[in-house]
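A short write-up of the structure that comes next.
The values are calculated or read from the model by the stated rules, or taken from the named source; none is laboratory data. Being a predicted model, the structure only gives us computed values, none of them experimental. As a convention, Cβ positions derive from the backbone with ideal geometry for all residues, glycine included, and neighbour counts pool all protein chains shown.
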Amino acid sequence: MARLPRFVIPGQPQHVIVRGNNREAIFYADADYQFYLDKLKLACDKHGCDLHAYVLMTNHVHLLITPQKEESLAKALQMIGRYYVQYFNFTYQRTGTLFERSMGSDSIDFQGVVGNTLQAAGTPTVAGLTAGAAVEGAFIGTAEKLASPEAPPPPPRPDELKNR
């Protein structure tokens, strides 16, 4: 049976969760997190999504994101998935799907939303992480941190990597 269309209201913040297939890791190295964040920024810019906060865990991602058009969120996440899965599969010499089902999303009230997003991830909050911190497989931050000129250079593209 076909999946029902996602209900998206332009301008309404969404809490998006993307999980690794079978809850397996989707990030192994710092370069993986950075590649994902680079593509996240690119996709949001291209498809009209405002990214407010993110939590990257080893096996899943939380995004607080506001699509500007009805199709913005789906197109941005599709773009991230295409780039990241290709990069990940090439880097770790694997094949097949990386993410579990379609991403889940819920419309949310923007009041207190950053705190709610960080609480949803659980581990970073409990570990006392702060925005832009990377500890024990978690990386959390805000859109401002993502746009920071202090960000490290991006990792090589998959086509630039040699077989390991």
> Of the numbered conditions (1) surrounded by fewer than 21 Cβ atoms within 10 Å (Cβ to Cβ); (2) modelled with pLDDT of 95 or more; (3) closer than 19 Å to residue 141 by Cα, residue 58 satisfies every one except a single condition; which is it?
Replying inline: (2)
> Which of (1) without any contact (Cβ under 8 Å) to a residue 60 or more places away in the chain; (2) under 29 Å from residue 7 (Cβ atoms); (3) small (Gly, Ala, Ser) does residue 74 not meet, given it meets every other one?
Replying inline: (1)
> From the list 34, 12, which residue is out of contact with any Gly (no Cβ under 8 Å at 6 or more places or on another chain), part of a loop (DSSP other than H, G, I, E, B) and touching a residue at least 40 places away in the same chain (Cβ under 8 Å)?
Replying inline: 12
>> Quick check on this structure: which one of 25, 53 is surrounded by 13 or more Cβ atoms within 10 Å (Cβ to Cβ) and within 18 Å of residue 94 (Cβ to Cβ)?
In response: 25
> Of the conditions (1) part of a helix (DSSP H, G or I); (2) under 11 Å from the mean Cα position of the chain (by Cα), residue 42 fails just one. Which one is it?
Replying inline: (2)
> Out of (1) modelled with pLDDT under 95; (2) crowded, with 20+ Cβ neighbours inside 10 Å, the odd one out for residue 34 is which?
Replying inline: (2)
> Restricting the search to region 15-31, which residues are assigned to a helix (DSSP H, G or I) and of a type in the set (Lys, Arg)?
Replying inline: 23
>> Condition (residue is polar (S, T, N, Q) and part of a helix (DSSP H, G or I)) applied to region 65-76: is it met by at least one residue?
In response: yes
